[in-house]
1. Determine the relative contact order of the chain: mean sequence separation of Cα pairs under 8 Å and six or more apart, normalised by residue count, in whole percent.
2. Could you give the nm distance between label points at Arg59 and Ala28, where each point is 7 Å from its Cα heading toward the beta carbon?
3. Quick check: residue separation of Asp35 and Leu17 times 0.36 nm, minus the Cα distance between them. What number comes out in nm?
4. Based solely on its DSSP helices, what 222 nm [θ] is calculated for the chain when runs of n ≥ 4 H residues each add -39,500 (n - 2.57) and the sum is averaged over all residues, nearest 500 deg cm²/dmol?
5. Nothing charged except the Cβ atoms of Lys and Arg (+1) and of Asp and Glu (-1): what's the magnitude of the dipole of segment 40-89 about its Cα centre? Round to the nearest 20 debye.
6. Tell me, what is the Rg over Rh of the chain, with Rh the Kirkwood radius over Cα pairs?
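Just so it is clear, none of the values below were taken in a lab; they were calculated from the coordinates. All values derive from a computational prediction rather than experimental measurement. Cβ atoms come from the backbone with ideal geometry, glycine included; neighbour counts cover every protein chain shown.
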Amino acid sequence: MIRSELVQKLCNDFPDLTQREVENVVSALFDSITDQLAKGGRVELRGFGAFSTRQRDARVGRNPRTGEPVDVDAKRVPYFKPGKEMRERLNLGGDA
């Protein structure tokens, strides 16, 4: 599902809201999550999962085209850990 599909689904589920209002709510939610992660925080949505960041150390990578070594700087990357309810729902029909 992409962002526009999410907005459309919410518009269908909440017909009393305009598409512009739903887009504003979705944008505000994503902006809030992003801002909190940028501050080094954590966002937990019970039953869904938790967003956090992880630190990646600097390393020497390789240019895939030339094979030449390339320095890759240290960075923080987003990380998502699904909640218990989500894991259970995903594995209802599976043998995994």
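1. Working: 100 pairs, mean separation 19.1, N = 96.
Rounded, it is 20 percent for the chain.
2. In this crude label model, Arg59 to Ala28 measures out at 4.0 nm.
3. On the way: separation 18, 0.36 × 18 = 6.48 nm, distance 2.56 nm.
Working it through step by step, the gained length comes to 3.9 nm.
4. Numbers: 3 runs with 38 residues, N = 96.
Here the helix-only value at 222 nm equals -12500 deg cm²/dmol.
5. Values: 13 positive and 7 negative charges, 40 e Å.
In total the dipole reaches around 180 debye.
6. Working: Rg = 18.9 Å, Rh = 16.9 Å.
Reported Rg/Rh, Kirkwood definition of Rh: 1.12.
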